[in-house]
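**Student:** One structure is given below, represented as structure tokens, and several questions about it will come after.
The values are calculated or read from the model by the stated rules, or taken from the named source; none is laboratory data. In this text the structure is predicted, and so the values were computed from the model without any measurement. In this analysis, Cβ positions are derived from the backbone assuming ideal geometry, glycine residues included, and neighbour counts consider all displayed protein chains. Areas reflect the complete protein model, heavy atoms only, side chains present, ligands, DNA and RNA absent. Shrake-Rupley method; radii C 1.70, N 1.55, O 1.52, S 1.80 Å.
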Number of protein chains: 4
Amino acid sequence: MSSNRQREILHAAVKLFEQKGYQATSVQDIADAVGLQKGSLYHYIQSKEELLMQIADAAIRQFNEQLQEILARPMTAQEKLAAMIRMHVQTSIENLETTTVLWREAFSLGEAPQGVIQKMTDTYLDLVTQILNEGSENGEFQVHHPRVTALAILGACNWVYRWYRPSGSMNANDVAHTFSKLFLDGLLTTH
Amino acid sequence: MSSNRQREILHAAVKLFEQKGYQATSVQDIADAVGLQKGSLYHYIQSKEELLMQIADAAIRQFNEQLQEILARPMTAQEKLAAMIRMHVQTSIENLETTTVLWREAFSLGEAPQGVIQKMTDTYLDLVTQILNEGSENGEFQVHHPRVTALAILGACNWVYRWYRPSGSMNANDVAHTFSKLFLDGLLTTH
Amino acid sequence: MSSNRQREILHAAVKLFEQKGYQATSVQDIADAVGLQKGSLYHYIQSKEELLMQIADAAIRQFNEQLQEILARPMTAQEKLAAMIRMHVQTSIENLETTTVLWREAFSLGEAPQGVIQKMTDTYLDLVTQILNEGSENGEFQVHHPRVTALAILGACNWVYRWYRPSGSMNANDVAHTFSKLFLDGLLTTH
Amino acid sequence: MSSNRQREILHAAVKLFEQKGYQATSVQDIADAVGLQKGSLYHYIQSKEELLMQIADAAIRQFNEQLQEILARPMTAQEKLAAMIRMHVQTSIENLETTTVLWREAFSLGEAPQGVIQKMTDTYLDLVTQILNEGSENGEFQVHHPRVTALAILGACNWVYRWYRPSGSMNANDVAHTFSKLFLDGLLTTH
DNA sequence: TATGAATGAGGGTTCATTCAT
DNA sequence: CATGAATGAACCCTCATTCAT
């Protein structure tokens, strides 16, 4: 179904969308990157927007699937949260280009496809909130406002694409560890 | 200097850039919004990009100035951090459109203006990091990695524009309070 | 009639038309050069095209008037031709900007004003041809085809604006002398 | 490489640039002339300016190449000069539109492309000057100032596009002959 | 006299997409 | 499968000119 060429094109699109932005990337740019003529691209894609949609969909889908797996494992809430953070940061960093496109460019999608992405993002938020509620209920966590707390954690994680550089001294584990400590223990020394 | 019309135009641009995105907003759209001919706009602006730059510049500048004020006040580190979070969330929410344009659209700027914005954003990060270092040094905080921690806090705060809706039940204070509790106390009940 | 301001404007226009060309010079450029607003210029001029017309008209008119004077003087044909060449080269060089505008930019005029300039140019050609005919009739000259010969002489003279630089080592007299020798004596040593 | 359409477009551009001038000719005009949409032109050209450059470049190049050929032939200086004049006048007249664009419109080019044309024009001048020097050295010519003399001859020849009309009674040979006589023998009967 | 806001038409260029070959 | 010609709408921006103040 998804031929080599199609994967090539998708990959080129990710790279270009990340570098120049979706709108600033022309179909010609993508064609050049895979060594095809502009017109020939349309044997493989339906539209430029569909390309963006595929990238964003695959990206958010991966986050969701991995989180589902974590939730299915028998762990305490705090272990689940730490695992979620590690997974999220790691995935973001390992697929920095894709993640960038997801969070920065998906806004350029039309209403309908954007709604699809939004729905999956909402689901993801629900799952994270669920971890917090679980910890709250079993006494592990004190959560002031689960949904907003989940949004805070997700905000921190999803902001990573904006500052993380592979050339820097930190790896994904370092970042995840710092995040986990912050969210679980807080900053204060006096508890 | 900044006439009524200029402010009108800026305001219309903020609104349109927030609604449709910078690239999808045409100069014609802005002209229509203020009741001018397309060409007439150019009595007030130099270019569409300059308009975006002005918006982004004013936005990040306001964040910086307010944070400077907070830092100048005689408070403990944890008070400063709470104040910073409250200010940041409140400003983001009160100027939701402007903030959205700042974080979502500034990427469309050319290299040079984007660099200016980036520099101010970096300064802001430095100031927040400074609060953490201060708290760390005087024993108030235990900070695993100050810079990454600052980025986590900023990520959470800057993500607000993506989910906050004025029509919802939460106000800025509610959000800020939840954020502060999370970052200061952490989630764990067992300390 | 022609106030100081009007002369100022004309002068600025000549300078700008010479430097950037008529079409590439905006009314704003001229306004800037004289320290007025674009709109204020129209108290002094009727249109940008009229400015060009005035410059071209004055330029060709001066050539014609000076040639008339020469023709009225009691001289041999060869003296008249030499005088004409000296006058033409000198005037071209002394008013290099104006002359440049005349020959290079007048084409941008509309049909009617261009016709006026053309008529005066034709008259000038007639007067030069007349010198040649005079010399031919009285035996001073051997002229193969008076009109074409006149056009050759005028071509040489009118080309001067394209290569003459005041910073060079030649002055108008040097050029005129070389031209006269060429046209009167020819290049051949064997006569 | 240069398809039919490309030649068609070039030809239409020459015609329009000659008739209306480069600046007054819109891309729309050219598109209309070849029966394409404005945007479709850009499959064949890079820009309007590039079109002008191509025309001017080809024109001056042809003059240079033909002069090189003449210089390579074993002839006396006076024969070379006569041949140069004949070639120049003939080429100018046979390609009257192209020649007109070269001398009248190339000024509208940007600095860089204009410099390229200028360099080739300078080379041409050098070659003509070389003929004069040759004749001067071998005693055929008496040349007062070789470079200025060459400029006079070129001025006369390059002015042709401004007055020659194919509908007139003169052909290229007539003009060339008159020019040659003038430059070689001069006007005076008394030598 | 001088301003500067406003016009309105036009400028060159880009681009996602289609389609006959 | 691949091409590349063609579309047609939209893009940002410029500019000579007018006119109320």
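**Student:** Let's test the formula: R0 of 41 Å, r as the Cβ-Cβ distance of D:Gln118 and A:Asp122. What FRET efficiency results, to the nearest 0.05? Kindly include the intermediate steps, with their values, before the conclusion.
**Tutor:** Working: r = 66 Å, r/R0 = 1.60.
Rounded to the nearest 0.05, the efficiency is 0.05.
**Student:** Calculate log10 I(q)/I(0) of the stretch A:73-174 for q = 0.16, 0.20 Å⁻¹, where I(q) comes from the Debye formula with a single equal point scatterer on each Cα and nothing for solvent.
**Tutor:** Log10 I(q)/I(0), no solvent term: -0.79, -1.08.
**Student:** For the stretch A:133-150, what does the Karplus curve 6.51 cos²θ - 1.76 cosθ + 1.60, with θ = phi - 60°, yield as ³J(HN,Hα) per residue in whole Hz, taken in order and with x for Gly and Pro?
**Tutor:** 4, 4, x, 5, 5, 8, x, 6, 10, 10, 10, 5, 8, x, 5, 5, 5, 4
**Student:** Could you order peptides A:6-14, A:98-106, A:42-50, C:24-32 by the average number of other Cβ atoms within 10 Å of their residues, highest first? Mind dumping the intermediate values first?
**Tutor:** Numbers: A:6-14: 18.4, A:98-106: 22.6, A:42-50: 13.7, C:24-32: 16.3.
Descending mean neighbour count gives A:98-106, A:6-14, C:24-32, A:42-50.
**Student:** If you put a point 7 Å past Cα along the Cβ direction, how far is that point for D:Gln46 from the same point in each other copy, in nm, smallest first?
**Tutor:** Copy-to-copy label distances at D:Gln46, shortest first: 2.9, 3.9, 4.4 nm.
**Student:** With all protein chains present, calculate the accessible area of A:Lys15 using a 1.4 Å probe and round the result to the nearest 10 Å².
**Tutor:** Here the accessible area works out near 90 Å².
**Student:** Based on the Cβ-Cβ distance of A:Ser40 and C:Leu96, what FRET efficiency does E = 1/(1 + (r/R0)^6) give at R0 = 51 Å, to the nearest 0.05? Write out the running numbers ahead of the final one.
**Tutor:** Values: r = 57 Å, r/R0 = 1.12.
It comes to 0.35.
**Student:** Calculate the length of the line joining the C-alpha centroid of the stretch C:6-22 to that of the stretch B:122-191, in whole Å.
**Tutor:** Taking the Cα centre of each part, the stretch C:6-22 and the stretch B:122-191 sit 63 Å apart.
**Student:** So, one more: Can you tell me the 0 to 90 degree angle between the C-alpha axis of helix A:172-185 and the longest principal axis of chain A, rounded to 10?
**Tutor:** 40 degrees
**Student:** Could you work out how far helix D:48-72 tilts from the main Cα principal axis of chain D, as a 0 to 90 degree angle to the nearest 10?
**Tutor:** So the helix axis and the longest Cα principal axis differ by about 30 degrees.
**Student:** Shifting gears a bit: For chain D, what is the convex hull (Cα atoms) projected area averaged across all directions, in square nanometres? Intermediate values should be presented prior to the final figure.
**Tutor:** Numbers: hull surface 51.1 nm².
That works out to 12.8 nm², a quarter of the Cα hull's surface.
**Student:** Taking chain D as a Gaussian network, Cα atoms linked when under 10 Å apart, which of D:Ser92, D:Ser167, D:Ser108 shows the biggest mean-square fluctuation?
**Tutor:** D:Ser167
**Student:** Just check the stretch A:1-45 against the gyration tensor rule for me: Cα atoms, a ≥ b ≥ c as the square roots of the eigenvalues, rounded for a/c under 1.5, and otherwise prolate or oblate depending on whether a/b exceeds b/c. The partial results should precede the final answer.
**Tutor:** Working: a/c = 2.15, a/b = 1.42, b/c = 1.52.
Because a/c hits 1.5 or more and a/b fails to exceed b/c, the stretch A:1-45 counts as oblate.
**Student:** Within 10 Å of each Cβ in C:139-146, how many Cβ atoms from other chains are there, averaged over the peptide? Show your work: numbers first, answer last.
**Tutor:** Working: counts 2, 4, 5, 7, 5, 9, 8, 1.
Taking the mean over all residues of the peptide, I get 5.
**Student:** Something else: If R0 is 30 Å, what FRET efficiency do you get for B:Glu69 and B:Arg5 from their C-beta distance, rounded to 0.05? Numbers along the way, then the final one.
**Tutor:** Numbers: r = 31 Å, r/R0 = 1.05.
Step by step, r from the Cβ atoms, then E = 0.45.
**Student:** Let me ask something else about it. In terms of Cα to Cα distance under 13 Å, which aspartates and glutamates are near enough to A:Lys48, apart from those fewer than 8 places away along the same chain?
**Tutor:** A:Asp29, A:Glu105
**Student:** Can I ask one more? From the phi of every residue in the stretch B:80-90, what ³J(HN,Hα) in whole Hz does the Karplus formula 6.51 cos²θ - 1.76 cosθ + 1.60 yield, where θ is phi - 60° and glycine or proline is x?
**Tutor:** 5, 5, 4, 5, 4, 5, 4, 4, 4, 5, 4
**Student:** For the charge dipole of the stretch C:48-185, defined by +1 on Lys and Arg C-beta atoms and -1 on Asp and Glu C-beta atoms about the Cα centroid, which residue among C:Ser169, C:Leu151, C:Leu102 has the Cα displaced farthest towards the positive pole?
**Tutor:** C:Ser169
**Student:** Is the shape of the stretch B:30-73 rounded, prolate or oblate, going by the alpha carbon gyration tensor and its root eigenvalues a ≥ b ≥ c, with a/c under 1.5 for rounded and a/b larger than b/c for prolate? Spell out each step's value before the answer.
**Tutor:** Numbers: a/c = 4.98, a/b = 3.54, b/c = 1.41.
Taking the square roots of the gyration eigenvalues as a ≥ b ≥ c, the stretch B:30-73 is prolate.
**Student:** Then there is this: Give the average, rounded to an integer, of partner chain Cβ atoms located within 10 angstrom of each Cβ in D:101-109.
**Tutor:** Numbers: counts 0, 0, 3, 3, 1, 0, 7, 3, 0.
The per-residue average across the peptide is 2.
**Student:** Then there's this: Please average, across the residues of D:174-180, the number of beta carbons from any other chain that are within 10 Å of each residue's own beta carbon, and give a whole number. Don't skip to the answer; put the middle values down first.
**Tutor:** On the way: counts 3, 4, 1, 3, 9, 7, 2.
Partner-chain Cβ atoms within 10 Å, mean over residues of D:174-180: 4.
**Student:** Along the stretch A:102-111, what does the Karplus equation 6.51 cos²θ - 1.76 cosθ + 1.60 (θ = phi - 60°) give for ³J(HN,Hα), rounded to whole Hz, x for Gly and Pro?
**Tutor:** 3J(HN,Hα) across the stretch A:102-111, in whole Hz: 4, 7, 9, 9, 4, 4, 6, 5, x, 4.
**Student:** For the protein assembly as shown, what mean projected area does the convex hull of the alpha carbons give, in nm²?
**Tutor:** Details: hull surface 183.7 nm².
That works out to 45.9 nm².
**Student:** Okay, moving on. Given charges of +1 on the Cβ of Lys and Arg and -1 on the Cβ of Asp and Glu, with all other atoms neutral, how large is the dipole of the stretch A:79-191 about its Cα centre, in debye to the nearest 20?
**Tutor:** I would put it at about 280 debye.
**Student:** Stokes-Einstein at 25 °C, 0.890 mPa s, Kirkwood radius from Cα pairs: D for the stretch B:18-94 in µm² s⁻¹? Spell out each step's value before the answer.
**Tutor:** Details: Rh = 15.1 Å.
Translational D for this selection: 163 µm²/s.
**Student:** Here is a further query. Along Cα-to-Cβ, 7 Å out, sits the label point; list in nm, shortest first, how far the one on D:Gly168 is from those in the other copies.
**Tutor:** Spelled out, the distances from D:Gly168's label point are 2.6, 7.7, 8.4 nm.
**Student:** Something else about it: Quick one: length gained pulling B:Ser167 to B:Gln130 fully straight, 0.36 nm per residue minus the C-alpha distance? Working shown, then result.
**Tutor:** Working: separation 37, 0.36 × 37 = 13.32 nm, distance 3.51 nm.
9.8 nm is the gain from fully extending B:Ser167 to B:Gln130.
**Student:** Could you identify the residue of A sitting closest to the A-D rotation axis by Cβ and state that distance rounded to whole angstrom?
**Tutor:** Value returned for chain A: A:Gly39, 3.
**Student:** Now for a separate question. Sorting check: for D:33-39, C:175-181, which peptide has the highest mean count of neighbouring beta carbons within 10 Å, and how do the rest follow? Don't skip to the answer; put the middle values down first.
**Tutor:** Details: D:33-39: 13.3, C:175-181: 22.7.
By packing density, highest mean first, the sequence is C:175-181, D:33-39.
**Student:** So, one more: In percent, how large is the relative contact order of chain D, given Cα pairs closer than 8 Å and 6 or more residues apart? Provide the component values of the computation, followed by the final result.
**Tutor:** On the way: 162 pairs, mean separation 46.9, N = 191.
With pairs under 8 Å counted, the relative contact order is 25 percent.
**Student:** At D:Gln66, with labels set 7 Å past Cα in the Cβ direction, how many nm apart are the copies from this one, shortest first?
**Tutor:** With the label placed 7 Å along Cα→Cβ, D:Gln66 yields 3.4, 7.2, 7.6 nm.
**Student:** Excluding ligands and nucleic acids, what accessible area in Å² is computed for C:Arg61 using a 1.4 Å probe, to the nearest 10?
**Tutor:** Looks like 100 Å² after rounding.
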